[in-house]
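We did not get these values from a lab; they are worked out from the coordinates using the rules stated. Everything numeric in this text was worked out from a predicted model, so none of it was measured. Positions of Cβ are generated from backbone atoms using ideal geometry, with glycine treated the same way; all protein chains shown enter the neighbour counts.
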Amino acid sequence: MATVNKSVASLRIFGHELIPENISACLGSRPSTSYRKGDVEQLYGGRELTRKTGAWLLNADDCEPENLDGQITDLLGRLTPNLEVWKQLSQQFEIDLYCGLFMEKTNEGFSLSPTTLLALAERHIEFGIDIYAPIREVSKSEQCPCHSGKLYGECCAPKDEV
């Protein structure tokens, strides 16, 4: 399996009654970004954005090439391992792990270890992935993205393109 070019990961907690300082106290870490419901943010051009919900976000460093296992381990390692705290938070707030995968070529892939999947499940953290594919199309005369060594037109190109 080919390696995804880049990955980003952020643990996110959302809720109308969310108070960032309380979440930090429960988890034992300060967030990368946080806000309360009703907070007003000044946007470019003088516009204002009023937050419709509270949020507490903790970002991992971007990885090139992809290393979601490492990023998730880093994020969870900065927070309490107390599963009762996680259970209580998941009953009050929406918790997810946002992951973005940025492919350099098509047909790249990744996997998560059973240890990482168990750690997320024990904390009631939903796992979501956004995949960002390369923008340009592969021509029939280029090497096939599946890494077969053949040209795309001789390998994985849909037959109606050949």
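Here are a few things to note about the model shown:
- Computed from Cα positions, the angle between helix 68-77 and the longest principal axis of the chain comes to roughly 10 degrees.
- Residue among Asn82, Asn59, Asn67 with the largest mean-square fluctuation in a Gaussian network model of the chain, springs linking Cα atoms under 10 Å: Asn82
- Placing unit charges on the Cβ atoms of the charged side chains and taking the dipole of the chain about its Cα centre, the candidate lying farthest along the positive direction among Gly38, Gly153, Gly128 is Gly38.
- Lys pairs, the chain - Cα-Cα below 19 angstrom, 8 or more residues apart or on other chains: 7
- Charged-residue dipole, Cβ positions (Lys, Arg, Asp, Glu), region 2-135 about Cα centre, Debye nearest 20: 380
- GNM result for the chain, Cα springs below 10 Å: residue of Leu18, Leu83, Leu68 fluctuating most strongly: Leu83
- Coupling constants for region 88-98 follow from the phi torsions by the Karplus curve (6.51 cos²θ - 1.76 cosθ + 1.60, θ = phi - 60°), and in residue order they are 5, 4, 5, 7, 9, 9, 8, 10, 8, 10, 7 Hz; glycine and proline get x.
- Cα-based Rg and Dmax for region 8-118, where Dmax is the largest Cα-Cα distance (Å): 15.9, 47
- The slack in the chain from Ser139 to Thr73, taken as 0.36 nm per residue of separation less the alpha-carbon distance, amounts to 19.9 nm.
- Between Ile131 and Lys37, the simple spin-label model (points 7 angstrom out along Cα→Cβ) gives 3.6 nm.
- Relative contact order of the chain, defined on C-alpha pairs under 8 angstrom at six or more residues apart (%): 26
- Going by neighbour counts of Cβ atoms within 10 Å, the residues Leu27, Leu58, Leu43 line up, fewest first, as Leu43, Leu27, Leu58.
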